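Undergrad: Sharing a structure, written as structure tokens. Questions coming.
The numbers here are math on the coordinates, done by the rules we state, and not lab data. None of these values were measured; they are calculated from a predicted model. No Cβ is skipped: glycine too gets one built from the backbone with ideal geometry, and neighbour counts run over all protein chains shown.
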Amino acid sequence: MKIIENSLFLILFLTLFGSLFFLLISSKILKPIFQSEENIKNSIKNRLHELNIPTSTIKINLHLLKKDLTDSKSLIRLERIEKANDSLSYLYNNMEYELKKEFENIDLEDFYLLDALKSSLDKFEDIKKDTIIELFVPNNVVLHSDYNGFIIVLDNLISNAIKYNSKENPYIKISFENKVLSIFNKGVGIDTKNIMLVFDRYFQENSQNIGYGIGLAVVKEFCDKNSIGINIESFEDGNRINLNMKSILN
């Protein structure tokens, strides 16, 4: 079992490293080699597809291994591998979306806001721990937008809400009212002078040593592209981010 576990982790690492390395150098090295943008695009898409093959294979084999195992320690190890593989699959989906966004037209579609929220929240079931999450969103709100891009926005906002929550009484409230989607989380309020700076890539509040990475920059980019108004309100007991959805309401 230990050999299987080590082998699967090695496959995950080598696949991820090789694919990311390829994508990083492709624009600089492949451009003079290939004669057209179409060749570059196809080469990257093919390599991205290769990344999905081992993750799918690992997922199938994990499912088969679970059927034959009864030892609790071995099952725990399998669950860890499964989570790592899920993370790799999530990365693949994001990379595929970014590629499609660059080279192709994104299809807009109708979907329910509540369904999108539940889909995003499900991904954080294992890491939210004791965080209480309350959802006040009608089940009849329909959006017309880029579904995958919108899910990435929700993933980033919910991830931040969990990560920067109160340690004592972690709490998140997600609500929709007057065409505005709001996500509130308890915790340390953002300094008012830094409210708009949090949308900059790699912004960090020195006093709190809190880094928002590129997550909110990605959110802001999507909102600007889709005419979604976005703002952050800071309170003594937490922060609330508001998205005005009127431009994508169906």
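Undergrad: Taking R0 as 35 Å, what FRET efficiency do you get between N231 and I127 from their Cβ-Cβ distance, rounded to the nearest 0.05?
TA: It comes to 0.85.
Undergrad: Taking other Cβ within 10 Å of each residue's Cβ, how do T57, T131 sort, fewest first?
TA: Fewest-to-most ranking of T57, T131: T57, T131.
Undergrad: So if we plug the beta-carbon distance of K73 and K163 into 1/(1 + (r/R0)^6) with R0 = 35 Å, what FRET efficiency do we get, rounded to 0.05?
TA: 0.75
Undergrad: Short version: ³J(HN,Hα) in whole Hz for each residue of the range 153-167, in order, from phi by Karplus 6.51 cos²θ - 1.76 cosθ + 1.60 (θ = phi - 60°), x for Gly and Pro, what are they?
TA: Values, residue by residue: 4, 4, 4, 5, 5, 5, 4, 5, 4, 6, 5, 9, 8, 4, 6 Hz.
Undergrad: Let's test this: bin the Cα-Cα distances of the range 123-192 at 10 Å from zero up to the farthest pair and state each bin's percent.
TA: 18, 48, 29, 5
Undergrad: How much space per residue, in cubic angstrom, does the convex hull of the C-alpha atoms of the range 71-144 take up?
TA: Convex hull volume per residue, Cα atoms: 125 Å³.
Undergrad: Can I ask one more? Step through the table entries K101/K220; K59/K83; K59/K129; K83/K173; K100/K220, compare each Cα-Cα distance with 22 Å, and write down the pairs that go over it.
TA: Correct reply: K59/K129; K83/K173.
Undergrad: Once amide H atoms are built 1.01 Å from N in the peptide plane, which residues 5 or more positions from L108, or in another chain, come under 5 Å H to H?
TA: Residues meeting the amide H criterion: none.
Undergrad: Here's something else I'd like to know. Using the number of other C-beta atoms within 10 angstrom as an exposure proxy, rank L117, L108 with the fewest first.
TA: L108, L117
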